[in-house]
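Visitor: Before we start, here is the structure in question, set down as structure tokens.
Each reported figure results from applying straightforward, stated rules to the coordinates on display, with no laboratory input. Given the structure is predicted, the values throughout are model-derived calculations rather than measurements. Please note: Cβ atoms are built from the backbone with ideal geometry, for glycine as well, and neighbour counts cover all protein chains shown.
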């Protein structure tokens with residue numbers, strides 16, 4: 001068979017359902033080989049959109065999403081999405097065509113050293129220089145992408161190699177299992193937790209990747225320890241149902257939960273990725289006892305001095321520590337949760353216009369079932385969603401908070417709908433992030449994927465304006481104008497809705513969610529609430 005056919009067989013062997021990408025001259029043989037494969041190729045309108053789709057698909061399923069581009073500009077367009085997957089620890093394998101090996105040694109049309117270019121933003125970057133190594137390279141790429149901490153891998157595929165005849169077979173798929181935690185580390189962790197005066201759990205995205213949310217909930221409930229979560233770990237402990245859930249941490253400004261860190265003497269970090277929320281923000285004193293429970297050893301950081309590291313299968317670690325540790329009495333951090341719950345509901349009947357962020361979130365949560373999926377873009381709305389959108393299940397509010405790139409929401413929603421076609425999917429995005437990848441509306445329409453795009457419209461880069469006003473008292477070059485989003489939606493054949501009074505928001509959301517198509521909602525938002533929140537947090541008196 002041709003090397004391109006062997007490559008496709010290797011992808012089939014890995015259980016790949018979809019490849020997101022754009023065909024090009026240098027991957028013609030690969031595209032032809034896919035014609036005879038059950039793998040479905042999703043033709044996107046920009047390579048960045050393809051990479052974001054693979055990123056979110058990998059994060060939701062735990063299996064590496066795959067994206068494909070041609071050489072040169074096609075490959076460089078993948079970079080933002082690939083970097084996002086790598087820093088968010090989403091499993092992804094990116095493939096790019098390349099010129100023939102006969103012209104890689106010299107200046108040549110569209111030729112860049114892609115293997116080297118992708119090296120700093122992936123766990124593994126390789127070039128196929130001979131067809132017989134394809135089974136090894138593909139297996140290694142997927143193994144590393146899907147092994148903790150999960151991330152991105154890249155394969156460069158020269159066009160002449162794709163044409164060669166080869167007689168090889170895919171390698172057996174064997175992904176390593178997590179080791180058992182060390183008994184002495186488990187004992188020491190249990191001892192520190194038992195002797196703590198006011199322990200606190202910080203749960204990160206590693207809990208989601210390990211599918212350890214039930215073990216985390218059982219651990220917290222048995223030992224009566226409150227749980228704060230990072231943005232990317234929303235839902236690991238059901239917020240509405242569990243009084244131990246303190247909500248999300250990660251705002252640069254101080255929040256209620258920061259009081260919990262200030263008063264805690266032992267902080268148990270479970271599946272915590274430092275890339276999300278730097279330790280100097282929650283541990284500036286560097287004097288607390290840190291218990292690190294994760295699949296990999298702790299990162300070295302001056303503000304993260306680990307007293308004991310329990311490394312191995314997170315599920316097993318939590319069960320074993322929980323069996324040995326002594327439960328705590330009382331829950332002195334309950335006022336932190338009560339303060340946040342009160343704030344979440346304080347604007348549910350607010351009818352001022354433009355719509356306040358708190359009201360947008362309340363109506364969105366009301367319109368959706370608890371297992372429906374929200375893909376959140378990056379901007380001021382991300383901070384509000386992370387703080388105030390209640391989640392009862394993990395992976396129901398997808399936030400990029402490692403690389404944190406704008407433009408992920410619309411392509412991410414397409415991937416979510418492909419992964420979970422039975423659930424409602426909403427892309428929550430600012431007007432700026434929306435227009436960065438709005439071309440993928442055509443992809444969703446072509447694939448007949450019903451989903452809702454909720455645009456928080458403020459005619460500017462709202463998060464940057466928020467920070468400028470806080471720091472300098474005036475904005476600088478952050479305002480712009482927008483097209484008519486209703487006409488824009490209709491030009492794709494999608495539906496468009498404009499919110500002109502607050503009372504219309506909830507029924508419009510409900511109607512759009514019932515539409516059997518792509519629906520775009522243009523919702524003017526009052527970001528004057530940003531500065532009010534900053535002032536409130538700055539003046540906050542700790543409620544415990």
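Visitor: To the nearest Å, what is the center-to-center distance of the range 2-48 and the range 130-170, using C-alpha atoms only?
Guide: So the separation of the two Cα centres works out to 13 Å.
Visitor: Indicate the gyration tensor shape class of the range 171-220 (rounded, prolate or oblate), computed on the Cα atoms with a ≥ b ≥ c the square roots of the eigenvalues: a/c under 1.5 is rounded; otherwise a/b larger than b/c is prolate and the rest oblate.
Guide: Note, shape of the range 171-220 comes out oblate.
Visitor: Among 55, 526, 265, 351, rank each residue by its count of other Cβ atoms within 10 Å, from fewest to most, as a rough exposure measure.
Guide: If I rank by nearby Cβ atoms, fewest first, I get 351, 265, 526, 55.
Visitor: Once you order the gyration tensor axes a ≥ b ≥ c over the Cα atoms, which shape class does the range 244-344 get: rounded for a/c under 1.5, otherwise prolate or oblate by comparing a/b with b/c?
Guide: Verdict is oblate for the range 244-344.
Visitor: What is the distance in Å between the Cα centroid of the range 515-530 and that of the range 112-128?
Guide: First find each Cα centre; the distance between them is then 39 Å.
Visitor: In which sequence would 154, 472 go, from the one with the fewest C-beta neighbours within 10 Å to the one with the most?
Guide: Ranked by crowding around the Cβ, least crowded first: 472, 154.
Visitor: Between rounded, prolate and oblate, where does the chain land on the alpha carbon gyration tensor, with a ≥ b ≥ c its root eigenvalues, rounded for a/c under 1.5, else prolate if a/b exceeds b/c?
Guide: Oblate.
Visitor: Mind jotting down the distance between the C-alpha centroids of the range 355-390 and the range 282-314, whole Å?
Guide: Comparing the Cα centres of the range 282-314 and the range 355-390, I get a distance of 31 Å.
Visitor: Please arrange 382, 241 by how many other C-beta atoms lie within 10 Å of their C-beta, fewest to most.
Guide: Ranked by crowding around the Cβ, least crowded first: 241, 382.
Visitor: Contact order normalised by length for the range 263-384, with contacts defined as Cα pairs under 8 Å and 6 or more residues apart; what percent is it?
Guide: 15 percent
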